[in-house]
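Notes for the one structure printed next.
The values are calculated or read from the model by the stated rules, or taken from the named source; none is laboratory data. Since we're looking at a predicted model, the values are computed, not measured. Here the Cβ positions follow ideal geometry from the backbone for every residue, glycine too, while neighbour counts run over all protein chains shown. The area values use the complete protein model at the heavy-atom level, side chains included, leaving out ligands, DNA and RNA. Shrake-Rupley method; radii C 1.70, N 1.55, O 1.52, S 1.80 Å.
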Amino acid sequence: MTPLEEQIQSIKRHSTEIVPEKSLVEKIQAAIKKQKPLRIKLGLDPTAPDIHIGNAVPLHLLRTFQDHGHHAVLIIGDYTATIGDPSGQNSMRPQLDHKEVMKHAGTYLEQAGKIIDMDEAEIIHNSRWFSKMDLADVIQLAGKLTVARCLERDDFKKRLSSEQPIGLHEMLYPLMQAYDSVQVESDVELGGTDQIFNILLGRDLQREIGMEPQVAVTNELLVGLDGTEKMSKSKGNYIGINEPPDTIYGKAMSIADELMEKYFYLTTDLPEERIAELLSDDTHPRTAKAELAAALVERYYDKEAAEKAQREFEKVFQDRQLPSDMPVLKIATQETDNGEIWAVKLVSLTGKAQSNSQARRLIRQGGVSLGTDVESLRKVTDINENITIENDLILKIGKRHFWRIQLV
C-alpha cells in the first residue's frame, strides 16, 4: 500500500466531502499496519445503456483507491434500479423492467472496465440478497427507518412542501442502498453528493448491527453541456465515455467557459499546477478547452486518438473542411419518389432524430444542411421540401455530424 499522506492527498483531490474524515484516516492507517485492504463500495444502477463522464467520476475515484492497494466492490443494482433512485427528482420515479436493467448492466460493466481494474474488483448484483427476501423480511428492514428520518432528505422535503407525491417504494430505496453496505461489509462508500443521505443511512444500519460504520466519500455532480442541469443522457447534455473520439472532443469544445474548472478537476487527471495555468488570464479559453477535450479523449482512448480528434476538429471548424472519415448514409431507391425524398424522412434515416417531430424541429432550428462540398452547403429550412438524392451529396446535422449519401 502507498503511504498514508499520499493516499489522503489523492483521495481529496478527486472528492468533495469525506464524512467523517478522521475515520477515513484511521481506517487507512489500520489497513497499512495490518496490510489488509479496505473494502471500497460503489453502487451503479444501470438505468441507461451508457456511462457518461459524470457517471465516471466516482468510478475514477474507485480506481484511485485500487491504485493505493484497496479492494473495489462494485455493486450492480439490478434490483434497486427497478425502483430508481429518487435523488434530485421532483416527481415520482417510474419503476423499470428488470430485463431492460440487466441488458444495460452488461454494457455498464464493459464500459466500467475502461476505468477500474475489473480483474481485481468484486462485482456483485444486489439481487443476490434482495431476490431472496419475503414480505416479512422487507417489513423487518423497513422498521429500521422512520418516516421522519426519511423526510430529512432534501428532495423528499421539497416534494412534500410542494405537495408532489412520494411513493412508498421511493422511501425504500435509501434503505436498500444502506442494506447493500451491510451485505458487503463496506469500509468506504463512494457516490455523488446527492447520495450522502443514502450513504450515511448505511453507516447507521451498520452501526445498529454492531458493524464498524463506513465512511462516506462523495464527489460533486457534473453539470451537463447545457450549463444548467446535471449531466444526463435523457436530457441530451452528456459526453459518453464510449462515444467516438471525434464526438467526445467536439462535445468538450462546446463546454461553457465558466464550467471548465469543474470539468478539469472532475474529469481529468491533469496536475493542479497545469490546471491553474490553463485557467489563468494568460491562457485563451479556447486553448484551455482544447487541452481539456484532448485530455478527455486520451483518458478513454489514447494519446494518438486525442491528437487525431484535435486535427479533425481544427480541419472542420477552423479550416472549414469536410471530415476525413464520414459515415455513408445508404438510401434505397424504393425509399425515394422518383429520386426525391422528404426532408423530414431523410433526417430521420440518420438516427439523429427519434421521430418525425424531432426531425421537423431540427429543420426549423436551422440544424440541417445539404451540399456537394463545404462551400455549397445550404440550410434546409422548409419541412415540406423534397430533396433530390444524388451520390456523394453531403448531409450535415448540427455542428459536428456529417454523412455522405449513397443511392443503392
**Prompt:** Would it be correct to say that Tyr108 is out of contact with any helix residue (DSSP H, G or I) (no Cβ under 9 Å at 6 or more places or on another chain) and of a type in the set (Phe, Trp, Tyr)?
**Reply:** yes
**Prompt:** Do we find that Ala290 is of a type in the set (A, V, I, L, M, F, W, C) and touching a Ser or Thr at 6+ places or on another chain (Cβ under 6 Å) in this structure?
**Reply:** no
**Prompt:** What about Lys262, is it assigned to a loop (DSSP other than H, G, I, E, B), open to solvent by 10 Å² or more (accessible area, probe 1.4 Å), within 21 Å of Ala56 (Cβ to Cβ) and basic (Lys, Arg)?
**Reply:** no
**Asked** Considering segment 357-393 alone, what residues qualify as being more than 32 Å from the chain's Cα centre (by Cα) and open to solvent by less than 40 Å² (accessible area, probe 1.4 Å)?
**Response** Leu370, Gly371, Val374, Val380, Ile383, Ile387, Ile389, Leu393
**Message:** All but one of (1) open to solvent by less than 70 Å² (accessible area, probe 1.4 Å); (2) touching a residue at least 12 places away in the same chain (Cβ under 8 Å) hold for Thr283; state the number of the condition that does not hold.
**Reply:** (2)
**Request:** Please go through segment 151-168 and pick out each residue that is of a type in the set (D, E, K, R) and open to solvent by 70 Å² or more (accessible area, probe 1.4 Å).
**Result:** Glu152, Asp154, Lys157, Lys158, Glu163
**Message:** For segment 333-375, give me each residue that is part of a loop (DSSP other than H, G, I, E, B) and within 18 Å of His401 (Cβ to Cβ).
**Reply:** Thr350, Gly351, Lys352, Ala353, Gln354, Ser355, Gln365, Gly366, Gly367, Thr372, Asp373, Val374
**Prompt:** Ile139 fails exactly one of the following numbered conditions: (1) over 21 Å from the mean Cα position of the chain (by Cα); (2) open to solvent by less than 70 Å² (accessible area, probe 1.4 Å); (3) not charged (D, E, K, R). What is the number of that condition?
**Reply:** (2)
**Asked** What pairs come up if the first residue lies in segment 338-349 and is crowded, with 18+ Cβ neighbours inside 10 Å, the second is of a type in the set (D, E, K, R) and assigned to a helix (DSSP H, G or I), and their beta carbons are under 7 Å apart, counting only those six or more places apart or on different chains?
**Response** Ile341/Glu335; Val344/Arg360
**Asked** So which residues in segment 298-325 are outside any helix (DSSP H, G or I) and open to solvent by 30 Å² or more (accessible area, probe 1.4 Å), if there are any at all?
**Response** Tyr301, Asp302, Asp319, Arg320, Gln321, Leu322, Ser324, Asp325
**Complete:** Flagged in segment 362-408 as in contact with a strand residue (DSSP E or B) (Cβ under 8 Å, 6 or more places away or on another chain) and of a type in the set (Ser, Thr, Tyr), in numbering order, are Ser369, Thr372, Thr388
**Asked** So which residues in segment 184-216 are in a helix (DSSP H, G or I), touching a helix residue (DSSP H, G or I) at 6+ places or on another chain (Cβ under 7 Å) and closer than 21 Å to Ser127 by Cα?
**Response** Asn198, Leu201, Gly202, Leu205, Gln206
**Item:** Filter result for Leu44 (of a type in the set (A, V, I, L, M), under 30 Å from Met133 (Cβ atoms) and more than 20 Å from the chain's Cα centre (by Cα))
**Value:** no
**Prompt:** Glu185: at positive phi, of a type outside the set (Lys, Arg) and open to solvent by 40 Å² or more (accessible area, probe 1.4 Å), yes or no?
**Reply:** yes
**Request:** Would you check if there is a residue in segment 205-217 being under 30 Å from Gln354 (Cβ atoms), modelled with pLDDT under 95 and surrounded by fewer than 21 Cβ atoms within 10 Å (Cβ to Cβ)?
**Result:** no
**Message:** Of the conditions (1) in contact (Cβ under 8 Å) with a residue 60 or more places away in the chain; (2) more than 25 Å from Gly113 (Cα to Cα); (3) out of contact with any Ser or Thr (no Cβ under 9 Å at 6 or more places or on another chain); (4) buried (at least 19 other Cβ atoms within 10 Å of the Cβ), Ile241 satisfies every one except a single condition; which number is it?
**Reply:** (2)
**Message:** What pairs come out if I take residues in segment 50-79 that are closer than 17 Å to Arg299 by Cα and pair them with residues that are charged (D, E, K, R) and surrounded by 23 or more Cβ atoms within 10 Å (Cβ to Cβ) whose C-beta lies under 9 Å away, six or more apart or interchain?
**Reply:** Leu62/Lys41
**Message:** So, Lys289, is that one in contact with an Asp or Glu (Cβ under 9 Å, 6 or more places away or on another chain), surrounded by 13 or more Cβ atoms within 10 Å (Cβ to Cβ), at pLDDT 90 or above and under 30 Å from His14 (Cβ atoms) or not?
**Reply:** yes
**Item:** Matching entry among Leu221, Leu225 (being closer than 21 Å to Ser10 by Cα, open to solvent by 30 Å² or more (accessible area, probe 1.4 Å), touching a Lys or Arg at 6+ places or on another chain (Cβ under 8 Å) and of a type outside the set (Gly, Ala, Ser))
**Value:** Leu221
**Prompt:** Is there a residue being outside any helix (DSSP H, G or I), under 30 Å from Lys262 (Cα atoms), touching a helix residue (DSSP H, G or I) at 6+ places or on another chain (Cβ under 9 Å) and in contact (Cβ under 8 Å) with a residue 40 or more places away in the chain anywhere in segment 161-183?
**Reply:** no
